[in-house]
1. Sort out which residues of the stretch 51-65 are over 27 Å from Asn168 (Cα atoms) and free of Cβ contacts under 8 Å to residues at least 60 places away in the same chain, and write them in order of number.
2. Can you find even one residue in the stretch 160-171 that is out of contact with any helix residue (DSSP H, G or I) (no Cβ under 8 Å at 6 or more places or on another chain), in contact (Cβ under 8 Å) with a residue 60 or more places away in the chain and surrounded by fewer than 15 Cβ atoms within 10 Å (Cβ to Cβ)?
3. Just one of the numbered conditions (1) at pLDDT below 90; (2) within 12 Å of the chain's Cα centre (by Cα); (3) among the small types (Gly, Ala, Ser) is not true of Ala154; which one?
4. Do you know which of the residues in the stretch 118-133 that are assigned to a strand (DSSP E or B) and within 23 Å of Asp182 (Cβ to Cβ) is modelled with the lowest pLDDT?
Amino acid sequence: MFASIVLPLALAAGSLAMPMARQNSCTNLGAGATASLTYNFTLSAVSPTAADSATGTNLLVTPGPAGTSGEAVDYWLSTFSGTGSSNFPTFTLEDGALIPQPNAANQDYVAWDTTVEAGKYIDFTVTDAIFGGSNEATPYCAVSDASGFVTLAANGVSNGFSLCATTNDNYVLVFQASSTNDGSYQYNTCQPQNIHLVQA
């Protein structure tokens, strides 16, 4: 089933543009910000009012909304997976690219991030590794505080994320949630979240 989801993406991969150069917006976030980390990590959504040490909700890379073909055309970050796990359980941060890392059973696939836009959910494209991929121009940053906790930022903004319910009550990660969106989430359900990077 996973392979059938990826096939339409693989066919389209040849038409992808070359990666665009990322501009480093991390410098605007202070001395504790960086565009690269040396370790793999998971993502955890934590309420801004919770203590830094609070345990958050794990975010998983799961199939996103279906396209016109009936297959998933992209993957998003959500709080729910039918199997309780993800084919991409960890991430790396490389020169501003947030890159999902496949588990042992899915080494033949690659995932890459897409441009993060205000009012849109965070998503990734997945395809067969032989077709490669290109991480797009939105720079992600990891921001460390004095206590050593690391928070995700995008577009130079570290407090722009929310968890919002989709029509089937699955919660997805959205950047700068807006009542004017494509209908993929319900704005009145959105709750602001800090996204912690937890070393795997």
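The values are calculated or read from the model by the stated rules, or taken from the named source; none is laboratory data. Bear in mind the structure is a predicted one, so any value in this text is a computation, not a measurement. Because the Cβ atoms are built from the backbone with ideal geometry, glycine has one as well, and the counts that use them run over all protein chains shown.
1. Ala51, Ala54
2. Checked against the condition, which is being out of contact with any helix residue (DSSP H, G or I) (no Cβ under 8 Å at 6 or more places or on another chain), in contact (Cβ under 8 Å) with a residue 60 or more places away in the chain and surrounded by fewer than 15 Cβ atoms within 10 Å (Cβ to Cβ), the stretch 160-171 yields no hits at all.
3. Unmet for Ala154, out of (1) at pLDDT below 90; (2) within 12 Å of the chain's Cα centre (by Cα); (3) among the small types (Gly, Ala, Ser): (1).
4. Once the filter is applied, the top-ranked residue is Thr127.
To keep it simple, each residue is scored yes or no on (1) of a type in the set (S, T, N, Q); (2) loosely packed, with under 14 Cβ neighbours inside 10 Å; (3) in contact (Cβ under 8 Å) with a residue 40 or more places away in the chain.
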residue	(1), (2), (3)
Asp145	no, yes, yes
Gly148	no, yes, no
Ser158	yes, no, yes
Phe175	no, no, yes
Thr180	yes, yes, yes
Tyr185	no, no, yes
Cys190	no, no, no
Ala200	no, yes, yes
